[in-house]
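The values are calculated or read from the model by the stated rules, or taken from the named source; none is laboratory data. If you're wondering where the values come from, they're calculated on a predicted model, not measured in any experiment. Every residue, glycine among them, receives a Cβ derived from its backbone with ideal geometry; neighbour counts consider all protein chains shown. Please note that ligands, DNA and RNA were not included when accessible areas were found on the heavy atoms of the full protein model with its side chains. Shrake-Rupley method; radii C 1.70, N 1.55, O 1.52, S 1.80 Å.
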Amino acid sequence: MSADRDLLTAVLEALDIPYPATVGDSEVHDRILLDRVMDAKVALEGVLQRGDDPGWSADYLRSRLVEKPATGYRAWGERP
């Protein structure tokens with residue numbers, strides 16, 4: 001896999017989290033998603049503005065995602 005494709009895959013992994021099951025779950029979901037969007041933005045800016053290696057940026061982004069798992073809320077379709 002090319003480094004560019006690897007970075008795009010990592011960005012999709014960051015953004016593709018399960019939808020919340022209820023309005024009450026939305027707060028946690030939205031916080032997690034916002035944190036992940038910020039990390040994806042940093043990775044993309046690094047490549048596009050500073051010339052960082054896309055492979056390194058993908059690895060960096062994935063390491064940040066491990067710190068922010070999409071847990072702590074009930075996801076759509078999840079059994080209660």
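Here are a few things to note about the model shown:
- Stokes-Einstein D for the range 2-53, Kirkwood Rh over Cα pairs, 10 °C, 1.306 mPa s (µm²/s): 131
- Using a probe of 1.4 angstrom and keeping all protein chains present, the accessible surface of the chain works out to 68 square angstrom per residue.
- Helical content of the chain, expressed as a calculated mean residue ellipticity at 222 nm, amounts to -23500 deg cm²/dmol (DSSP H runs of 4 or more residues, -39,500 (n - 2.57) each, divided by residue number, nearest 500).
- Label point of Ala3 set 7 angstrom out along Cα-Cβ; within the range 44-80, amide nitrogens under 16 Å from it belong to 44-62.
- Accessible surface of Val47 - all protein chains present, 1.4 Å probe, nearest 10 Å²: 30
- Taking the accessible area of the chain, probe 1.4 Å, and keeping the other protein chains in place, the carbon and sulfur fraction comes to 58%.
- Restricting the calculation to Cα atoms, the range 23-80 yields a radius of gyration followed by a Dmax of 14.2, 46 Å.
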